[in-house]
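Visitor: Take a look at the following structure, please.
The values are calculated or read from the model by the stated rules, or taken from the named source; none is laboratory data. These numbers were taken from a predicted model, which means no experiment stands behind them. Methodologically, a virtual Cβ is constructed for each residue, glycine included, from the backbone with ideal geometry; neighbour enumeration extends over all protein chains shown.
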Amino acid sequence: MKNWAKWLIALPLLYFMAPVTIETAVLPITLQTLILFSLAGWLGGLQGFLMSAIYLATGAMGAPIFADHTHGWQKMTGHTAGFLWAFPLGCLAIGYWCKYYKQQWLWLIVGFSLCHCLIFIPGFWILKVQIPQFKIVPALLDLIPALLVKSLIGGTFLFLTHKLSFNK
């Protein structure tokens, strides 16, 4: 599939699906990283980085495309800023990871999980700086089930897209 065709599919999917939150009994699961990392793995490292940068710029300028249809510059500087600013790095990482492990389902799931961990570092750091009473360990423990579910779904999606030759 040509790169321009991938972009015609990726950006609308990103803009319509990333804001969605699925309510669960334990914790709401946002689709942001699932969609961002899946599309970045499909597009490749540099294009995934660019896609996530465009996503952040579009949301900062006012399009309601962040989690729960939020938007604006205040999101880019607020308590979730560390997570948002790390998205391009996570997308770059999963894009390159897929280059080497696209035929290995388990390794794609591991890569997805590692990219989530990568964005947690600046994300939790900014949260702790802005909200000193924030407890990192309980929050991380609450996020692990959603991280595992998104990693399983995303890794499987990437494995299947590569198996079905959508990435040629």
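Visitor: Name the one entry in 63, 53 that is part of a helix (DSSP H, G or I) and out of contact with any Leu (no Cβ under 7 Å at 6 or more places or on another chain).
Guide: Residue meeting the stated conditions: 53.
Yes or no, residue by residue, for (1) more than 17 Å from residue 81 (Cα to Cα); (2) assigned to a helix (DSSP H, G or I); (3) among the small types (Gly, Ala, Ser); (4) over 18 Å from the mean Cα position of the chain (by Cα):
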{"residue": "103", "(1), (2), (3), (4)": "yes, no, no, yes"}
{"residue": "107", "(1), (2), (3), (4)": "yes, yes, no, no"}
{"residue": "114", "(1), (2), (3), (4)": "yes, yes, no, no"}
{"residue": "118", "(1), (2), (3), (4)": "no, yes, no, no"}
{"residue": "126", "(1), (2), (3), (4)": "no, yes, no, no"}
{"residue": "129", "(1), (2), (3), (4)": "no, yes, no, yes"}
{"residue": "132", "(1), (2), (3), (4)": "no, no, no, yes"}
{"residue": "141", "(1), (2), (3), (4)": "yes, yes, no, yes"}
{"residue": "144", "(1), (2), (3), (4)": "yes, yes, no, no"}
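Visitor: Still on this model: How many residues does region 89-132 hold that are crowded, with 16+ Cβ neighbours inside 10 Å, closer than 16 Å to residue 44 by Cα and among the hydroxyl-bearing types (Ser, Thr, Tyr)?
Guide: 2
Visitor: Against the condition without any contact (Cβ under 8 Å) to a residue 40 or more places away in the chain and closer than 24 Å to residue 96 by Cβ, how does residue 46 come out, does it pass? Break it down stepwise before answering.
Guide: Working: without any contact (Cβ under 8 Å) to a residue 40 or more places away in the chain: no; closer than 24 Å to residue 96 by Cβ: yes.
Here the answer is no, as residue 46 does not meet what is asked.
Visitor: Specify the residue that is farthest from residue 127 (Cα to Cα); the eligible residues are those in region 31-79 that are of a type in the set (Ser, Thr, Tyr) and crowded, with 18+ Cβ neighbours inside 10 Å.
Guide: The selected residue is 38.
Visitor: Name the one entry in 109, 65 that is out of contact with any Lys or Arg (no Cβ under 6 Å at 6 or more places or on another chain), more than 24 Å from residue 162 (Cα to Cα) and among the aliphatic types (A, V, I, L, M).
Guide: Values: 109 fails: more than 24 Å from residue 162 (Cα to Cα).
Only one candidate qualifies: 65.
Visitor: Right, next: With among the hydrophobic types (A, V, I, L, M, F, W, C), at pLDDT 90 or above and within 29 Å of residue 4 (Cβ to Cβ) as the only criterion, which of 125, 105, 73 stands out?
Guide: Matching residue, one of 125, 105, 73: 105.
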